[in-house]
Amino acid sequence: MNKRLFFLLLLLAGIGAAAQVRPDADNAGLKLPSGFGALRVADNIGRARHIAVTKEGDVFVKLERMKNGGGICWLHDSNGDGKADEIKNFGNFNGTGIFIRNNYLYASSDQEVFRYQLDAGDKVIDPSNPEKIVTGLISRFEHEAKAILLDNNNNLYVNIGAFSNSCQEKDRQLHSMGIKPCPVLDSAGGIWQFRADKPNQTYANGIRYATGLRNVVGMDWNTQVNQLFVMQHGRDQLHDIFPEMYTEKQNADLPAECLYAIKKGDNAGWPYTYYDPFLNKKMLAPEYGGDGKKEGSKEYIDPLVAFPAHLAPNGLLFYTGSQFPARYRNGAFIAFHGSWNRAPEPQEGFYVVFVPFSNGKPSGKWEVFANGFSGKSEIKNPREAEHRPCGLAQGPDGSLYVTDDVKGSVYRIMYKG
Amino acid sequence: MKKGMIILSLCAAVIVVLSQQKAPAKAPVRAPVKAAPAPVSTLAASVARGNIVYKKVCLSCHMADGGGVPRMNPPLMQTSYVTGDKSKLIYIVLKGMNDRVPIEDDYYSNTMAAHADLSDLQVADVLTFVRNSFGNKATAVTPAEVKIVRSGGHK
């Protein structure tokens, strides 16, 4: 063989070996099941909320607050070691939602949904001029994050969180009763459906696809059953508002954070009911005559999984990759941001869980998949958590990406075998 | 500066009083104790009562360490909302707060409920506690001041 060519090949092989994606020595501080590892793709990028990964492996992260001149962060790894070495920010708006479909990058502010056309290499063609797809959505203090996703029929789904805890006459006020019917539900507290390619849509162009959902941040389209699945943030402060009916401990443990499979027209019952994970029942909310014992109306849908209270599910992802072992396929990963409303009990969450699924139904109990984000063994006050998981995405190789909106870390979890 | 000095000396006085209370009270020290620190022991008692109110009413949102919840419930430390104008602070407790205003450069989503059901003394105590906890050092709030704000005097 030609000597020069031989050395060139050797050099290329050397580059190839050096450029392997390997987990960090400490798995980026995460505790994972045996056989898994993690690396930190990027750090300190800002308040990293939802995340989307292109087929080339580039990463887009929506920032809740603009940093370095933009509210969307593009992460590129040019040497193939898995670490972002080129970072660009663009997009003149804060927000949470981000999604890639049909050569477009969709991103949301708290009032609007925009899209950017992508080129053949999934690069944004014109970062300064997104197309406004939806405008004028309600954003009134509470639950303002607008999670977004597309189905396979060019429909755009937007969560519009309720601007209220439990639709009381006076929000979060001791003994204030619920308004009936709850007027919040006209413009929020549900999932709205829009067309993904029609500019400047408002409420008038949209359909209230599902209602009675207090606040959804984590949602995903399950391609196995072609259906929308959402994680609801359950209501707060049962004890604070009705101390005669609920103890502090019950305040911490009620109600469940619920995973719902959604069909068009579904009603999950907020604010009239909440789900008690111990009784496995929908209970009548105290603002509407409940007392912790009276059951709620059966007309509302039941959850598929009831998780412990207040864990704040901010990311939901059905795993379709083949990198992870077979039992993970089609199962659900959920990123729990971590609680605040369990005080004075210790807070809970701050981890990513896994629920095995088969044909759109849970096929086993949920388990903690990735832990250690908070960096502490116990969290009393949420601000003590060093990192809080928020968004989830699947990479083209089947890696699972997780964002953190405290320090702005992006994690990549891989199966090493 | 002057205010800070007064608060510091008040605190020092509290410590003096507390240590005097701990000491066996055999010696007849009635006259000197009575002379100066009477209002100071009022402050200490108000802080102690306020702590109880805080745990019952405020802790679930503002947390045991007064640090609040990032982007949801504002912290009660290192902010002029707590250590500044007392009338404004009293008004927030009595009327609640649902304004989209930055607090020390950040926004907080959750509605704060009104707590007009608390008595003037309870509001004064809990605010005195908050203004003298979590690293804060500020003057006491009195029931009379709460009464003025409650009656619409000024905010």
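The values are calculated or read from the model by the stated rules, or taken from the named source; none is laboratory data. Nothing here was measured: the structure is a model prediction, and the numbers come from that model. A quick note on method: Cβ atoms are made from the backbone with ideal geometry, for glycine too, and the neighbour counts reach across all protein chains shown.
For the list (1) assigned to a loop (DSSP other than H, G, I, E, B); (2) within 14 Å of another protein chain (Cβ to nearest Cβ); (3) not polar (S, T, N, Q), I need the number of the one condition that A:Gly82 fails.
Unmet for A:Gly82, out of (1) assigned to a loop (DSSP other than H, G, I, E, B); (2) within 14 Å of another protein chain (Cβ to nearest Cβ); (3) not polar (S, T, N, Q): (2).
So which pairs qualify, if the first residue must be in region A:239-265 and surrounded by 22 or more Cβ atoms within 10 Å (Cβ to Cβ), the second must be basic (Lys, Arg), the Cβ gap must be under 7 Å, and the two must be at least 6 apart or on different chains?
A:Ile241/A:Arg172; A:Ala252/A:Arg342; A:Pro255/A:Arg235
So in region B:90-100, with the set limited to residues that are within 10 Å of chain A (Cβ to nearest Cβ) and more than 16 Å from A:Gln173 (Cβ to Cβ), which one is nearest to the chain's Cα centre (by Cα)?
Restricting to residues being within 10 Å of chain A (Cβ to nearest Cβ) and more than 16 Å from A:Gln173 (Cβ to Cβ), the top hit is B:Asp99.
Of the residues A:Ala343, A:Ala393, which single one is assigned to a strand (DSSP E or B) and within 26 Å of A:Glu64 (Cα to Cα)? Talk me through it step by step, then tell me what you get.
Values: A:Ala343 fails: assigned to a strand (DSSP E or B).
Just a single option satisfies the conditions, and that option is A:Ala393.
Please determine whether any residue of region A:218-231 is within 24 Å of A:Glu348 (Cβ to Cβ), in contact with a Pro (Cβ under 7 Å, 6 or more places away or on another chain) and modelled with pLDDT of 95 or more.
The initial filter retains those residues of region A:218-231 that are within 24 Å of A:Glu348 (Cβ to Cβ), namely A:218-220, A:229-231.
Pick out the ones that are also in contact with a Pro (Cβ under 7 Å, 6 or more places away or on another chain) and you get A:218, A:231.
Then keep just the ones that are modelled with pLDDT of 95 or more; that gives A:218, A:231.
Looking for residues that are within 24 Å of A:Glu348 (Cβ to Cβ), in contact with a Pro (Cβ under 7 Å, 6 or more places away or on another chain) and modelled with pLDDT of 95 or more, one finds at least one in region A:218-231, hence yes.
Please specify each residue of region A:145-170 satisfying the condition of being of a type in the set (Asp, Glu) and either free of Cβ contacts under 8 Å to residues at least 24 places away in the same chain or crowded, with 24+ Cβ neighbours inside 10 Å (or both).
Going residue by residue through region A:145-170, those that are of a type in the set (Asp, Glu) are A:151, A:169.
Listed by number, the list holds a single entry, A:Glu169.
Out of the residues in region A:169-186 that are charged (D, E, K, R) and within 12 Å of chain B (Cβ to nearest Cβ), state the one that is farthest from A:Arg49 (Cα to Cα). Lay out the reasoning, then the answer.
Our first condition is that a residue be charged (D, E, K, R); within region A:169-186, this holds for A:169-172, A:180, A:186.
Filter once more, keeping what is within 12 Å of chain B (Cβ to nearest Cβ): A:169-172.
Values: A:Glu169: 32, A:Lys170: 30, A:Asp171: 26, A:Arg172: 26 Å.
Applying the filter and picking the extreme gives A:Glu169.
So which of A:Pro356, A:Pro389 ends up being within 25 Å of B:Asp106 (Cα to Cα) and either more than 14 Å from chain B (Cβ to nearest Cβ) or in contact (Cβ under 8 Å) with a residue 24 or more places away in the chain (or both)? Spell out how you get there, then give the answer.
Details: A:Pro356 fails: within 25 Å of B:Asp106 (Cα to Cα).
Residue meeting the stated conditions: A:Pro389.
Here's a check for you: in region B:129-140, which residue that is under 13 Å from B:Met77 (Cα atoms) and of a type in the set (A, V, I, L, M) is nearest to the other protein chains (Cβ to nearest Cβ)? Steps first, answer last, please.
Let us first name the residues in region B:129-140 that are under 13 Å from B:Met77 (Cα atoms), namely B:129-138.
Checking the rest, the ones that are also of a type in the set (A, V, I, L, M) come to B:130, B:138.
Numbers: B:Val130: 15, B:Ala138: 22 Å.
It comes out as B:Val130.
Does A:Met177 satisfy being at pLDDT 95 or above, more than 30 Å from A:Gly269 (Cβ to Cβ) and of a type in the set (A, V, I, L, M, F, W, C)? Before you say what the answer is, go through the steps one by one.
On the way: at pLDDT 95 or above: yes; more than 30 Å from A:Gly269 (Cβ to Cβ): no; of a type in the set (A, V, I, L, M, F, W, C): yes.
For A:Met177, the condition - at pLDDT 95 or above, more than 30 Å from A:Gly269 (Cβ to Cβ) and of a type in the set (A, V, I, L, M, F, W, C) - is not met.
Do we find that A:Ala306 is in contact (Cβ under 8 Å) with a residue 12 or more places away in the chain and either crowded, with 22+ Cβ neighbours inside 10 Å or within 14 Å of chain B (Cβ to nearest Cβ) (or both) in this structure?
Values: in contact (Cβ under 8 Å) with a residue 12 or more places away in the chain: yes; either crowded, with 22+ Cβ neighbours inside 10 Å or within 14 Å of chain B (Cβ to nearest Cβ) (or both): no.
No: the conditions fail for A:Ala306.
Scan region A:140-168 residue by residue and report those that are within 14 Å of chain B (Cβ to nearest Cβ) and part of a strand (DSSP E or B).
Within region A:140-168, the subset within 14 Å of chain B (Cβ to nearest Cβ) is A:140-146, A:161-168.
Hit for region A:140-168 is A:Gln168, nothing else.
Return the pair list, or none, for Cβ contacts closer than 7 Å from residues in region B:65-79 that are more than 7 Å from chain A (Cβ to nearest Cβ) and in contact (Cβ under 8 Å) with a residue 24 or more places away in the chain to residues that are outside any loop (DSSP other than H, G, I, E, B) and surrounded by fewer than 20 Cβ atoms within 10 Å (Cβ to Cβ), at least 6 apart or on different chains.
Note: pairs meeting the criteria are B:Arg71/B:Asp106; B:Pro74/B:Ile103; B:Thr79/B:Ile103.
Looking only at region A:220-246, how many residues end up being out of contact with any His (no Cβ under 6 Å at 6 or more places or on another chain), within 20 Å of A:Gly290 (Cβ to Cβ) and not in a strand (DSSP E or B)?
Let us first name the residues in region A:220-246 that are out of contact with any His (no Cβ under 6 Å at 6 or more places or on another chain), namely A:220-245.
Right, trim to within 20 Å of A:Gly290 (Cβ to Cβ) and you get A:232-245.
Then drop every residue that is not not in a strand (DSSP E or B), which leaves A:233-245.
Result for region A:220-246: 13.
A:Phe114 - would you say it is touching a Pro at 6+ places or on another chain (Cβ under 6 Å), buried (at least 16 other Cβ atoms within 10 Å of the Cβ) and either away from chain B (no Cβ under 14 Å) or free of Cβ contacts under 8 Å to residues at least 24 places away in the same chain (or both)?
On the way: touching a Pro at 6+ places or on another chain (Cβ under 6 Å): yes; buried (at least 16 other Cβ atoms within 10 Å of the Cβ): yes; either away from chain B (no Cβ under 14 Å) or free of Cβ contacts under 8 Å to residues at least 24 places away in the same chain (or both): yes.
It is true that A:Phe114 is touching a Pro at 6+ places or on another chain (Cβ under 6 Å), buried (at least 16 other Cβ atoms within 10 Å of the Cβ) and either away from chain B (no Cβ under 14 Å) or free of Cβ contacts under 8 Å to residues at least 24 places away in the same chain (or both).
Among the residues of region A:46-64, is there at least one that is in a strand (DSSP E or B), of a type outside the set (Asp, Glu) and either surrounded by fewer than 20 Cβ atoms within 10 Å (Cβ to Cβ) or at pLDDT below 95 (or both)?
Of region A:46-64, the ones in a strand (DSSP E or B) are A:48-53, A:59-64.
Checking the rest, the ones that are also of a type outside the set (Asp, Glu) come to A:48-53, A:59-63.
Subset that is either surrounded by fewer than 20 Cβ atoms within 10 Å (Cβ to Cβ) or at pLDDT below 95 (or both): none.
There is no residue in region A:46-64 that is in a strand (DSSP E or B), of a type outside the set (Asp, Glu) and either surrounded by fewer than 20 Cβ atoms within 10 Å (Cβ to Cβ) or at pLDDT below 95 (or both).
Given the conditions (1) hydroxyl-bearing (Ser, Thr, Tyr); (2) out of contact with any Leu (no Cβ under 8 Å at 6 or more places or on another chain); (3) over 25 Å from A:Thr202 (Cβ atoms), which single one is not true for A:Thr54?
All conditions are met except number (2).
Among the candidates A:Ala343, A:Ala312, single out the residue that is modelled with pLDDT under 95, crowded, with 22+ Cβ neighbours inside 10 Å and within 14 Å of chain B (Cβ to nearest Cβ). Please lay out each step first, then the result.
Details: A:Ala312 fails: modelled with pLDDT under 95.
Exactly one residue qualifies, and that residue is A:Ala343.
So, in region B:82-108, how many residues would count as being in contact (Cβ under 8 Å) with a residue 40 or more places away in the chain, of a type in the set (A, V, I, L, M) and either within 18 Å of B:Val69 (Cα to Cα) or part of a loop (DSSP other than H, G, I, E, B) (or both)?
1
Of the residues that sit in region B:101-128 and are over 15 Å from the mean Cα position of the chain (by Cα), among the aliphatic types (A, V, I, L, M) and surrounded by 16 or more Cβ atoms within 10 Å (Cβ to Cβ), which one is nearest to the other protein chains (Cβ to nearest Cβ)?
Top of the filtered list is B:Ala113.
Of the residues A:Arg195, A:Arg235, A:Arg208, which is more than 12 Å from chain B (Cβ to nearest Cβ), buried (at least 24 other Cβ atoms within 10 Å of the Cβ), over 27 Å from A:Gly331 (Cβ atoms) and of a type in the set (Lys, Arg)?
Working: A:Arg195 fails: buried (at least 24 other Cβ atoms within 10 Å of the Cβ); A:Arg208 fails: buried (at least 24 other Cβ atoms within 10 Å of the Cβ).
Testing whether each residue is more than 12 Å from chain B (Cβ to nearest Cβ), buried (at least 24 other Cβ atoms within 10 Å of the Cβ), over 27 Å from A:Gly331 (Cβ atoms) and of a type in the set (Lys, Arg) leaves just A:Arg235.
Checking the conditions here, which among A:Val217, A:Val184 is part of a strand (DSSP E or B), in contact (Cβ under 8 Å) with a residue 24 or more places away in the chain, in contact with a Ser or Thr (Cβ under 8 Å, 6 or more places away or on another chain) and not acidic (Asp, Glu)? Can you show your working first?
Working: A:Val184 fails: part of a strand (DSSP E or B).
Of A:Val217, A:Val184, the one residue that is part of a strand (DSSP E or B), in contact (Cβ under 8 Å) with a residue 24 or more places away in the chain, in contact with a Ser or Thr (Cβ under 8 Å, 6 or more places away or on another chain) and not acidic (Asp, Glu) is A:Val217.
Just checking, does region A:65-86 include any residue being in contact with a Gly (Cβ under 6 Å, 6 or more places away or on another chain) and among the aliphatic types (A, V, I, L, M)?
Step one: list which residues in region A:65-86 are in contact with a Gly (Cβ under 6 Å, 6 or more places away or on another chain), which gives A:67, A:70-72.
Next, from what is left, pick out any that are among the aliphatic types (A, V, I, L, M): A:72.
Yes, the conditions are met somewhere in region A:65-86.
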